[in-house]
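Inspection log for the structure reproduced underneath, given as structure tokens.
The values are calculated or read from the model by the stated rules, or taken from the named source; none is laboratory data. Predicted, not measured: the structure shown is a model, and the values here were computed from it. Because the Cβ atoms are built from the backbone with ideal geometry, glycine has one as well, and the counts that use them run over all protein chains shown. Surface accessibility is based on the protein's heavy atoms, side chains included, excluding ligands, DNA and RNA. Shrake-Rupley method; radii C 1.70, N 1.55, O 1.52, S 1.80 Å.
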Amino acid sequence: MEKKRGSFTGSIGFVLAAAGSAVGLGNIWRFPYLAARDGGGLFLLVYFVLAITFGFTLLTTEVALGRKTKRSPLTAYGVLNKKWKWLGVVASIVPFIIMPYYCVIGGWVLKYFIVFLTGNGVKAAENDFFTGFITSQYEPIILMFIFLAACAVIIFMGVDSGIEKSSKIIMPVLLVLVVAIAAFSLTIKNTATDGTVTTGIDGLKVYLVPSLKGIGVKEFMLVVMDAVGQLFFSLSIAMGILIAYGSYVPDDANLVKSINQIEIFDTAVAFLAGVMIIPGVIVFMGAEGMGSGPSLMFVSLPKVFAAMGKAGNVVGTFFFAMVLFAAVTSGISVLEAVVAGLIDGFKMSRTKATVAETITALVLGVIVCLGYNKLYFELPLPNGAKAQVLDIMDYISNNILMPIVAIATCVLVGWILKPDFVIKEAEKNGEKMGRKRMFSVMIKYVAPVILVVLFVMSVGIV
Ligand code: PHE
């Protein structure tokens, strides 16, 4: 018997779920770092312009393809055009690879949340705390499992009672936390040993004021490519996620409006993440403290919280609670992208699909954890990094597969289905899609070119 396909109850549910996917670790640990490195306000400006052009185009495309086909990423492309079935397979491999290591990082966040909640934040600021934790044998595995199980329970409950309901609770709380922490970070100040006082507002200036120091044409192009890469990752594009979520959007929902809201939500949180993090790091550690990724979140920030004295444990607890919320809503979206494919493509029940993917992610996740312990090695990647299991999976999905999926999607929509295919879906209830001309030019010419450059750069060819 063909079961009824899951559906969001309305556009608010969809917007919050998609924003939940979009707002994740990328917003928090990568956006502020890039902004601090790439000329502050200059990066912000470039990012905002790209968000309403390039980001808007890819976001609209994937959501519209999902709603039009009402299929999972695995089967949607084949429905659109038989010869493009392979693209569904590649698009589904991306979330399959991401899920295990995303849960491992989710487990790390959970660890820090617990450490701060129990009043031990100062310990987390010690030099070898992070390395000691991830190289330990059992703890990272147990915490990874708890994170994965939480995501699995939500996905098991289905689209409206699981994904939509949890997003409706988590996302408003997340937003309140982000705004509160950002406001707090502007009030901090520190007096150095030589008597100079640095305030949160000084840090904010580093973030907001465009700096053109040392920026020539080549440097500017690098800033643009940093912004493109970040945007692409941040909107959860080319991971199959938006096709899956788009397929659950009711036909009478206003797609145009929803897409704008998702973009505003994601960009606002990325911007506020900078306001949360940059002033703290500048005030207590100086510009050198602005690392990226795990080193920013798990090494630098605990030092910043420790420097705040008593308040540090409280701010740290709220901060890691916020990150945990961001990570869970992204984690469930990755899991759903895989589960939806198993349901559609292999005719599994939701229960069976969830159990199958959870067990697989668990096994792979254990291997990722052991990559810092029993299975430790250092593999040089083409981009110069020395990689462990987690980095290799991240490299394959983000640097290789995602650009391929995005480029192929542009070719399929721009040249074979034609841009009107997407525009018609977006306007199907009489809505007016703005930026239509721009959309067509973008999907046919500009986006593929930008993506090819990004791909060539990210695999280290140039
Ligand atoms: N959009 C997420 C972010 O910015 C990225 C992401 C989503 C990664 C879902 C994995 C899974 O952090």
What tally of residues in the stretch 207-221 results from selecting those that are surrounded by 14 or more Cβ atoms within 10 Å (Cβ to Cβ) and assigned to a helix (DSSP H, G or I)?
4
So Leu204 clears everything in (1) assigned to a helix (DSSP H, G or I); (2) hydrophobic (A, V, I, L, M, F, W, C); (3) buried (at least 20 other Cβ atoms within 10 Å of the Cβ); (4) touching a Leu at 6+ places or on another chain (Cβ under 7 Å) except one condition, right? Which one?
(3)
Out of all the residues in the stretch 438-457, is one or more open to solvent by 70 Å² or more (accessible area, probe 1.4 Å), basic (Lys, Arg) and at pLDDT 95 or above?
no
Restricting attention to the stretch 250-271, which residues are of a type in the set (Phe, Trp, Tyr) and open to solvent by less than 40 Å² (accessible area, probe 1.4 Å)?
Phe265
Could you check the stretch 134-146 and list, in sequence order, the residues that are at pLDDT 95 or above and either open to solvent by 10 Å² or more (accessible area, probe 1.4 Å) or aliphatic (A, V, I, L, M) (or both)?
Ile134, Thr135, Ser136, Tyr138, Glu139, Ile141, Ile142, Leu143, Met144, Phe145, Ile146
Out of the residues in the stretch 6-63 that are within 25 Å of Val323 (Cβ to Cβ) and charged (D, E, K, R), which is nearest to the ligand (Cβ to nearest atom)?
Arg30
Residue pairs meeting the criteria (Cβ under 9 Å; at least 6 apart or on separate chains; first open to solvent by less than 10 Å² (accessible area, probe 1.4 Å) and among the hydrophobic types (A, V, I, L, M, F, W, C), in the stretch 228-247; second outside any helix (DSSP H, G or I) and near the ligand (Cβ under 6 Å from one of its atoms)):
Leu242/Ser236
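In the stretch 424-460, which residue that is of a type in the set (Val, Ile, Thr) and free of Cβ contacts under 8 Å to residues at least 40 places away in the same chain is nearest to Val256 (Cα to Cα)?
Going residue by residue through the stretch 424-460, those that are of a type in the set (Val, Ile, Thr) are 441, 443, 446, 449-450, 452-453, 456, 459.
Adding the requirement that they be free of Cβ contacts under 8 Å to residues at least 40 places away in the same chain leaves 441, 449, 456.
On the way: Val441: 18, Val449: 25, Val456: 32 Å.
The extreme case among them is Val441.
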Taking first residues from the stretch 279-303 that are of a type in the set (D, E, K, R) and second residues anywhere that are outside any helix (DSSP H, G or I) and open to solvent by 10 Å² or more (accessible area, probe 1.4 Å), the pairs with Cβ under 8 Å that are 6 or more apart or on different chains are Lys303/Ala125
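For Leu186, state whether it is touching a residue at least 24 places away in the same chain (Cβ under 8 Å) and open to solvent by less than 20 Å² (accessible area, probe 1.4 Å). Spell out how you get there, then give the answer.
Values: touching a residue at least 24 places away in the same chain (Cβ under 8 Å): yes; open to solvent by less than 20 Å² (accessible area, probe 1.4 Å): no.
Against the criterion (touching a residue at least 24 places away in the same chain (Cβ under 8 Å) and open to solvent by less than 20 Å² (accessible area, probe 1.4 Å)), Leu186 does not qualify.
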Please state which of the following conditions Gly121 fails to meet, knowing it meets all the rest: (1) touching a residue at least 12 places away in the same chain (Cβ under 8 Å); (2) of a type in the set (Gly, Ala, Ser); (3) closer than 27 Å to Leu342 by Cβ.
(3)
Name the residue, out of Lys111, Lys123, Lys83, that is open to solvent by less than 40 Å² (accessible area, probe 1.4 Å), assigned to a helix (DSSP H, G or I) and charged (D, E, K, R).
Lys111
What about Met297, is it within 16 Å of the ligand (Cβ to nearest atom), at pLDDT below 95, assigned to a helix (DSSP H, G or I) and of a type in the set (A, V, I, L, M, F, W, C)?
yes
Looking only at residues that are of a type outside the set (A, V, I, L, M) and within 18 Å of Val452 (Cα to Cα) in the stretch 223-235, which one is farthest from the ligand (Cβ to nearest atom)?
Asp226
For the stretch 370-388, does any single residue satisfy the condition of being within 16 Å of the ligand (Cβ to nearest atom), within 22 Å of Leu143 (Cα to Cα), at pLDDT 95 or above and under 24 Å from the mean Cα position of the chain (by Cα)?
no
